[in-house]
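Working notes, structure below.
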Amino acid sequence: MTPAINEAKKQKVDFTIHQYSHDPNHSSFGMEAAEKLNIDAARVFKTLVLQLDNGTLTVGIVPVSGQLNLKQHAKAAGGKKATMADATLVQKSTGYVLGGVSPLGQKKKLVTVIDSSASDHDTILVSAGRRGLDIELSPDDLCRLTSATFAPIAQK
């Protein structure tokens, strides 16, 4: 079990675990999940850790079929600018390795913003805490468990 799965169990939310054989040579962890699980890429979300101009670390959750709009994310998270956080900071603050960062069960609770397109789906998939392992749950449950907000932070 990963901290993400343990968190979902502890909070008694409905979820499904999806496992697949991870290929370390694949160019995109999120697209790999969508392809191997045969799930629409608009329902598979990647978890990105960013640093605001004031140094605060934040999490952006966007569909793997799109990209994060840094400016929109910064605005939604309470900053002016955002950049991708350093890998060492990501691993230290979340407890997860890159490519397996889950929004659930992180070491430190970070300000989290979920792209508003998540609300278009009954369930979405996010990393369950390691490469080749995803957790499927409702966007509302994800929002509640991470104390997140919804905002339009993705671009196609």
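The values are calculated or read from the model by the stated rules, or taken from the named source; none is laboratory data. Keep in mind it's a predicted model, so treat the numbers as computed, not measured. Backbone-built Cβ (ideal geometry, glycine too); neighbour counts: all protein chains shown. Heavy atoms of the whole protein, side chains included, go into the accessibility calculation; ligands, DNA and RNA do not. Shrake-Rupley method; radii C 1.70, N 1.55, O 1.52, S 1.80 Å.
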Open item on the list: For ASP53, what accessible surface area do you get with a 1.4 Å probe? Give it in Å², rounded to 10.
Closed with: 90
TODO: Quick one: accessible surface of ARG130, probe radius 1.4 Å, all protein chains present, in square angstrom to the nearest 10.
DONE: 110
Open item on the list: I want to verify a result. In a Gaussian network model of the chain, Cα cutoff 10 Å, which of these has the top mean-square fluctuation: GLY79, GLY100, GLY129?
Closed with: GLY79
TODO: Scan around VAL111 for amide H atoms under 5 Å from its own, H built in the peptide plane at 1.01 Å from N, and keep only partners 5 or more places away or cross-chain.
DONE: VAL59
- [ ] Output the antiparallel fraction of DSSP beta bridges having both residues in the chain, as a percent to the nearest 5.
- [x] 70
- [ ] Arrange the peptides 115-121, 14-20 so that the one whose residues have, on average, the most other Cβ atoms within 10 Å appears first.
- [x] 115-121, 14-20
Task: Candidate lysines for bridging to LYS156, where Cα separation is under 18 Å - those fewer than 8 sequence places away on the same chain excluded - done: LYS46, LYS71
Task: Computed helical MRE - 222 nm, the chain, DSSP H runs ≥ 4 contributing -39500 (n - 2.57), nearest 500 - done: -7000 deg cm²/dmol
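Grab the other residues whose beta carbon is less than 14 angstrom from that of MET1, score K and R as +1, D and E as -1, and report the net.
Numbers: positive: LYS9, LYS10, ARG130; negative: GLU7.
Computed value for this residue: +2.
Can you pick out the pairs among LYS12/LYS92; LYS10/LYS75; LYS12/LYS75; LYS10/LYS107; LYS80/LYS109 whose Cα atoms lie more than 25 Å from each other?
Details: LYS12/LYS92 27 Å; LYS10/LYS75 32 Å; LYS12/LYS75 32 Å; LYS10/LYS107 16 Å; LYS80/LYS109 21 Å.
In this structure, LYS12/LYS92; LYS10/LYS75; LYS12/LYS75 lie more than 25 Å apart at Cα.
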TODO: Give, as a single signed number, the net charge of other residues whose beta carbon lies under 13 Å from the beta carbon of LYS75, with Lys and Arg counted +1 and Asp and Glu -1.
DONE: +2
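May I ask you to give the solvent-accessible area per residue for the chain, in square angstrom, as obtained with a 1.4 angstrom probe? Display every interim value, and only then the final one.
Working: 7900 Å² over 156 residues.
Averaged over the residues of the chain, the accessible area is 51 Å².
Tell me, rounded to the nearest percent, the portion of alpha carbon pairs in region 1-107 spaced more than 25 Å apart.
Values: 1376 of 5671 pairs.
I get 24 percent for the Cα pairs in region 1-107 exceeding 25 Å.
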- [ ] List the aspartates and glutamates whose Cα lies under 15 Å from the Cα of LYS36, skipping any in the same chain that are fewer than 8 positions away.
- [x] ASP23, ASP134, GLU136
Task: Gaussian network model of the chain, springs between alpha carbon atoms under 10 Å - residue of VAL44, VAL111, VAL101 with greatest fluctuation - done: VAL111
